[in-house]
Amino acid sequence: MDKIEELLTRGVANIIPNKEELKKALSGGKKLNVYLGIDPTSTRIHLGHGVVLRKLNKLALLGHNVTFLIGDYTALVGDTSDKNKERPVLTSEQIAENFQTYKEQAQKILDFSKIRIRFNSEWLSKLDPKKFIQLCIKFSLNDFISRELIRKRLEAKARIGLHEVLYPTLQGYDSYFLDTDIQIGGTDQTFNMQAGRTLQKLWRNKESFIISTEFLTGTDGRKMSKSWENAIWLDDNPNDMYAKIMAINDELIVHYFTLGTNLPMDAVDQMASDLQKGQHPMFIKHLLATQIVLELYSPKAATEAKENFEKTVQKKETPSDIIDFKLPQSLTSGATIVDILTVAKLAESKSDAKRLIEQGGVALDDKVITDSNKQFVPKNNQLIRVGKRKFVRIKTS
């Protein structure tokens, strides 16, 4: 399979207006303008985002003009394309803080020596009222409210903010300003990306293309999402990343090879064939976990993560590299196990800690904790375990 054919088929859900015209444009020798936009609404990027990042990088490697667009202005509005309720409005300070880690994570997949970074506040913040009205005239409210999630919210008499209606319009202007030939995004972004095609056609009489990608399934079988706590994060440490991949259902192995790695499709097809012929899924899954950690970290990290998984999970041994946690004076009395989990960063929040306890995922000196209100009586060298992989040794002195 040639590079362009794989680009247009691997993990691709749809191409607008069609694959044949885009293939012809990509094969014509002209450098095309390509962009992917991401709003910094959180501090982390997960492996599911990697599907569109890989497409972007492939186009950069083919020599096209590629832009990684940070939606620092559109994040003030908030995109509800895949949400069943209004997004909380972020402050400029929150957006700036969220962006700090974006490049560090994205460069695990993107080669920024070939890709430029831009911020849409460069042009959106300069739109005067007259230009903004001219922009809004090009779109219909009927198109927006006919979208399935919006329609359901209207039927449920849920609030829809006027700013939500403006989001696709602003994203469309991003595409127009960058004179885009190709937009990349998940299928949930198709409506917004069509706004860019509309403006290119109306204001430049130019045909442009959309590549919408498939979604990588989360570790629980649903779409990968922070909200469902089923994500493999690009900044997960190698051991956690490896173990999360090993925990996915066997039916997802080929899906993860296809959308979550750069392994050539000939090799992926061979894996699928081996599974059909009776190869044990655990063996193939080890290859998958090794490949993903190798790509996002290094061959050495992948080897060490595999060894750690075999030791701590398959052989159920306690890892030798447990982190020591010096207990703050404020937690030496009157603290609960929830407080300890939160401060030791074994849980993202107190509610997360309570959930872990309720699910039987927390143990103190190998004894499962069932009461989230249990007072914590610290002892030196106590071992706290969360799940199968996270360990902390308490140090009181």
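The values are calculated or read from the model by the stated rules, or taken from the named source; none is laboratory data. In this text, all values refer to a predicted model and were calculated from it rather than measured experimentally. No Cβ is skipped: glycine too gets one built from the backbone with ideal geometry, and neighbour counts run over all protein chains shown. Surface areas here come from the heavy atoms of the whole protein model, side chains and all, with no ligands, DNA or RNA. Shrake-Rupley method; radii C 1.70, N 1.55, O 1.52, S 1.80 Å.
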Read-out semi-axes √(5λ) of the Cα gyration tensor in Å, derived from the coordinates shown; its label in [x] 41, 28, 18; [y] 36, 25, 19; [z] 53, 28, 18: [x]
List Ile117, Ile45, ordered by accessible area with a 1.4 Å probe, largest first: Ile117, Ile45
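Treating only the Cβ of Lys, Arg, Asp and Glu as charged (+1, +1, -1, -1), what charge dipole size does segment 39-179 show about its Cα centre? Round to the nearest 20 debye.
Its charge dipole is roughly 320 debye.
Please work out the Cα convex hull volume for segment 178-244 and give it in Å³ per residue. List each step's numbers first, then the result.
On the way: hull volume 7.2 nm³, N = 67.
Hull volume over Cα atoms, normalised by residue count, gives 108 Å³.
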Computed helical MRE - 222 nm, the chain, DSSP H runs ≥ 4 contributing -39500 (n - 2.57), nearest 500: -12000 deg cm²/dmol
Most positive-pole-ward Cα, Leu199, Leu263, Gly28, against dipole of the chain from beta carbon charges: Leu199
Within the chain: Cβ-based charge dipole about Cα centre, in debye rounded to nearest 20 (Lys, Arg +1; Asp, Glu -1): 480
In segment 86-139, the trypsin sites (Lys or Arg not before Pro) that fall in loop regions by DSSP, at most 10 other Cβ within 10 Å: Lys126
Proximal lysines relative to Lys126, as straight alpha-carbon distance under 27 Å, when same-chain residues fewer than 8 apart are discounted: Lys103, Lys138, Lys201, Lys206
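What is the chain's relative contact order, in percent, from Cα pairs under 8 angstrom and six or more apart in sequence?
Contact order relative to length: 15 percent.
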Selection from Phe119, Leu69, Leu162 lying farthest towards where the dipole of segment 69-226 points positive, charges on Cβ: Leu162
GNM result for the chain, Cα springs below 10 Å: residue of Gln183, Gln329, Gln382 fluctuating most strongly: Gln329
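When DSSP beta bridges are limited to those with both residues in the chain, what percentage is antiparallel, rounded to the nearest 5? Working shown, then result.
Working: 16 of 38 bridges.
The antiparallel fraction comes to roughly 40 percent.
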